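This report concerns only the one structure given below.
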Amino acid sequence: NRGKVQTYELDTDEWTLLGEVTVDDPNAFFGWGVSLDSSGDRLAVSAYGYNLDGPTRRGLVQVFDYNGTVWNQVGNDLQGTEDREEFGYGIALSSDGSTVAIGSPRRNGVGSL
């Protein structure tokens, strides 16, 4: 349930691993949602099961930039604020990578975007 995200690039007829990102929480479902900008150098990843302090499932979204070798996190962690919110169940990154939309299907018991 921990999850990880691996990115690959097609080089002629073979896929080459560019890098991977992970999270420490063993129940995070990291990689549930992934979204790339149009350049392919900015990546948003969600972990709707991420737990802050115990089994809360508040959720987490992180954004990364690829520097040609590794993925580095950009900005702060984006986290849900309510238990069982499942922040990050759905995500979408804008084509220029400057905006991320994040779904929380259980926020306040009714969901939000």
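None of the figures in this text is laboratory data; all of them are computed from the coordinates on show. Just so you know, these numbers come straight off a predicted model, no measurement behind them. Every residue, glycine as well, gets a Cβ built from its backbone with ideal geometry; the counts of neighbours run over all protein chains shown.
Numerical summary
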{"read-out": "Scan of the range 74-87 for residues that are closer than 20 Å to GLY40 by Cα and in contact (Cβ under 8 Å) with a residue 24 or more places away in the chain, ordered by number", "value": "VAL74"}
{"read-out": "Output for the range 1-13, where each listed residue is assigned to a strand (DSSP E or B) and out of contact with any Ser or Thr (no Cβ under 9 Å at 6 or more places or on another chain)", "value": "GLN6, THR7, ASP11"}
{"read-out": "Residue tally, condition under 14 Å from ALA101 (Cα atoms) and small (Gly, Ala, Ser), over the range 60-86", "value": "1"}
{"read-out": "Pairs with Cβ under 6 Å, 6+ apart, first in the range 4-30 and of a type in the set (Val, Ile, Thr), second assigned to a loop (DSSP other than H, G, I, E, B)", "value": "VAL5/GLY31; VAL23/PHE30"}
{"read-out": "Residues located in the range 33-49, provided they are within 18 Å of LEU93 (Cβ to Cβ) and in a loop (DSSP other than H, G, I, E, B)", "value": "ASP37, SER38, SER39, GLY40, ASP41, TYR48"}
{"read-out": "Test: residue in the range 14-32 that is within 21 Å of THR69 (Cβ to Cβ), part of a strand (DSSP E or B) and among the charged types (D, E, K, R)", "value": "yes"}
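Quick grid of which residues meet (1) of a type in the set (D, E, K, R); (2) surrounded by 12 or more Cβ atoms within 10 Å (Cβ to Cβ):
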position: LEU17; (1), (2): no, no
position: ASP24; (1), (2): yes, no
position: GLY33; (1), (2): no, yes
position: ASP37; (1), (2): yes, yes
position: ASP41; (1), (2): yes, yes
position: GLY49; (1), (2): no, yes
position: LEU60; (1), (2): no, yes
position: VAL63; (1), (2): no, yes
